[in-house]
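A short worksheet on the structure shown next.
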Amino acid sequence: MNIAQGSYKKEGGYDQGIRGTGYVVNALEAALWAFCYDKDSFEVGALAAVNLGDDTDTTAAIYGQLAGAYYGYNELCFIENDAGRFTRFKNFQAFEISNFVNYVTNWTQLMLVIHETYDYRTPNTQGTIIF
């Protein structure tokens, strides 16, 4: 199998024949290529996967699974996207604005809030109180 031999390690990507054509092996090769050259950035890799063209949703979905396993859930969602590309330690005030605990008194119906240890928007003690 070409993938096992590193066929996805072609720096040129699309120009060197990397395609996510919808055939699962090609989609995997394309996603691995995007992951291999994502410069340690989920956004760079996801954009690269989509920019390969053809069956972009499949390629990007596979890339997302690979990147999620590597970077972790919190790196993909909370830190990068929720409140304008900052971490709690760089801009605490901006994190406080997005902390849902500040808005609990406005809730009009029961809500179930689930978060994990590394969801830096909410301390563990606040997450368990809501239940």
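Restricting the search to region 1-31, which residues are in a helix (DSSP H, G or I) and farther than 18 Å from Gln65 by Cα? Working first, answer last.
So in region 1-31, the residues in a helix (DSSP H, G or I) come out as 3-5, 13-16, 24-31.
Residues satisfying the conditions are Ala4, Gln5, Gly13, Tyr14, Asp15, Gln16.
Output the residues belonging to region 9-32 that are over 10 Å from Leu52 (Cα atoms) and of a type in the set (Phe, Trp, Tyr).
The one that is over 10 Å from Leu52 (Cα atoms) and of a type in the set (Phe, Trp, Tyr): Tyr23.
Within region 41-57, can one find any residue that is modelled with pLDDT of 90 or more, assigned by TED's automatic domain parsing to the domain that holds Tyr8, touching a Gly at 6+ places or on another chain (Cβ under 6 Å) and in a helix (DSSP H, G or I)?
Within region 41-57 (the criterion being modelled with pLDDT of 90 or more, assigned by TED's automatic domain parsing to the domain that holds Tyr8, touching a Gly at 6+ places or on another chain (Cβ under 6 Å) and in a helix (DSSP H, G or I)), the answer is no, since none of the residues qualifies.
The values are calculated or read from the model by the stated rules, or taken from the named source; none is laboratory data. Small disclaimer: the values here were computed from a predicted structure and weren't measured. Positions of Cβ are generated from backbone atoms using ideal geometry, with glycine treated the same way; all protein chains shown enter the neighbour counts.
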